[in-house]
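A short worksheet on the structure shown next.
Every read-out reported here was derived from the displayed coordinates using simple, explicitly stated rules and does not represent laboratory data. In this text, all values refer to a predicted model and were calculated from it rather than measured experimentally. Backbone-built Cβ (ideal geometry, glycine too); neighbour counts: all protein chains shown.
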């Protein structure tokens, strides 16, 4: 089986294991949205979530910020819940703020953003979900 470069198992394991602070782009307080459910899952795994949304709501007890640049502390992973055509700018912003990694959710693919992000030395995962990948790596943690 050939692995897509943006679904490298070692990168996935590393991001899941080493990323403590997850900025979730597109996270609002709507519990019916996928971003909310994934942020809730990440919290359940001991991760700190940081809502990134233009209205900067407090979500799941965590202060929100309008942009990645507004976050006053380090971000280990930027998890992007945006359509593919809009997601690349968030990968660029993640690199600009010094985020440790970038994760594009299931169905979100931007190969040019992947190449730019990796060229900047930032690990990136695309077109999958931490909640899907977590059980696949659980035996290793």
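Structure data summary
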item	result
Neighbour-count ranking [beta-carbon atoms within 10 angstrom, fewest first] of 117, 67	67, 117
Cα→Cβ-extended label distance, 7 Å offset, between residue 17 and residue 60, nm	2.2 nm
Whole-Å semi-axes of the ellipsoid equivalent to segment 55-97 (Cα gyration tensor, √5λ, descending)	18, 14, 9
Stretchable slack from residue 32 to residue 67, in nm (0.36 nm times residue separation minus alpha-carbon distance)	10.4 nm
Residue order, fewest to most beta carbons within 10 Å, for 116, 136	136, 116
Difference of contour (0.36 nm per residue) and Cα-Cα distance, residue 43 to residue 86	12.9 nm
Ascending count of other beta-carbon atoms within 10 Å, so fewest first, for 108, 102, 97, 125	97, 108, 125, 102
Residue with peak Gaussian network fluctuation, the chain [Cα springs, cutoff 10 Å], from 98, 44, 88	44
Shape metrics for the chain, restricted to C-alpha atoms - Rg then Dmax, Å	13.7, 43
Rg to Rh quotient for segment 74-141, alpha carbon positions, Kirkwood Rh	0.98
